[in-house]
Amino acid sequence: MIGWILLALVVVTVVYAATIYNNLVRLKHDVDKSWANIDVLLKQRHDELPKLVETAKQYMRHEQETFEKVMRARSAVSEARQAGDVAALGPAEGQLRMGLGSLFAVAEAYPELKADRSFQQLQARISQLENTIADRREFYNATVTNLNVRIEQFPDVFIANAFNFRGAELLEFEAEELADVNMKELFS
């Protein structure tokens with residue numbers, strides 16, 4: 001009888017450990033999937049930005065610094081995205097948002113540009129991508145938090161350590177990106 005009880009305990013323990021392992025694997029893949037979703041959107045925005053800048057250049061001949069700012073930030077985001085460097089992506093995203101804010105603010109001074117259908121469509125597309133990226137970032141951070149909590153909880157920590165599960169980095173942003181945009185600075 002004791003043999004059956006021990007066998008039942010071993011089976012329950014193995015099933016429980018397997019369940020924990022499978023949940024950790026699922027969470028790890030959820031993090032990868034949520035990063036891939038962000039990556040796709042960043043790539044789409046990366047492809048749209050040169051079109052927006054080129055359209056604006058046709059109207060705004062004296063705003064070279066603004067264009068260069070946007071393109072430098074675009075490159076920084078692209079490098080961070082391609083490297084999968086979550087820590088570098090936050091600051092690069094902040095610089096890109098500031099550059100886009102400057103570009104859109106400067107565009108206000110060019111009525112012909114504001115009326116240009118291509119510019120309007122590209123601006124709307126990039127704004128839509130920005131909103132979607134923000135949603136995906138929120139989902140990514142929630143998924144990372146779930147994984148990080150699970151690999152530190154008892155008894156999951158034993159399985160996580162045994163199978164070398166590691167936490168993931170949150171996608172964080174600099175304080176100035178979280179602050180309200182100073183419209184006076186954009187127009188000065």
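Table for the structure above
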quantity: Failed criterion for A87 (all others in (1) modelled with pLDDT under 90; (2) surrounded by 17 or more Cβ atoms within 10 Å (Cβ to Cβ); (3) within 17 Å of the chain's Cα centre (by Cα) hold); calculated: (2)
quantity: Top-ranked residue in the stretch 103-142 [being polar (S, T, N, Q) and within 22 Å of the chain's Cα centre (by Cα); ranked as nearest to K51 (Cα to Cα)]; calculated: Q123
quantity: Whichever residue in the stretch 45-71 is touching a residue at least 24 places away in the same chain (Cβ under 8 Å) and among the charged types (D, E, K, R) and, among such residues, is farthest from A107 (Cα to Cα); calculated: R45
quantity: Test: residue in the stretch 109-117 that is buried (at least 19 other Cβ atoms within 10 Å of the Cβ) and touching a helix residue (DSSP H, G or I) at 6+ places or on another chain (Cβ under 8 Å); calculated: yes
quantity: Among (1) touching a residue at least 40 places away in the same chain (Cβ under 8 Å); (2) in a helix (DSSP H, G or I), the one test that F165 misses; calculated: (2)
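Yes or no, residue by residue, for (1) at pLDDT 90 or above; (2) surrounded by fewer than 11 Cβ atoms within 10 Å (Cβ to Cβ); (3) part of a loop (DSSP other than H, G, I, E, B):
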site	(1), (2), (3)
E130	no, no, no
A134	no, no, no
T143	yes, no, no
N148	yes, no, no
L171	no, no, yes
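The values are calculated or read from the model by the stated rules, or taken from the named source; none is laboratory data. Owing to the predicted nature of the structure, the values given are computational and were not obtained by experimental measurement. Don't worry about glycine lacking a Cβ; one is built from the backbone with ideal geometry, like all the others, and counts go over all protein chains shown.
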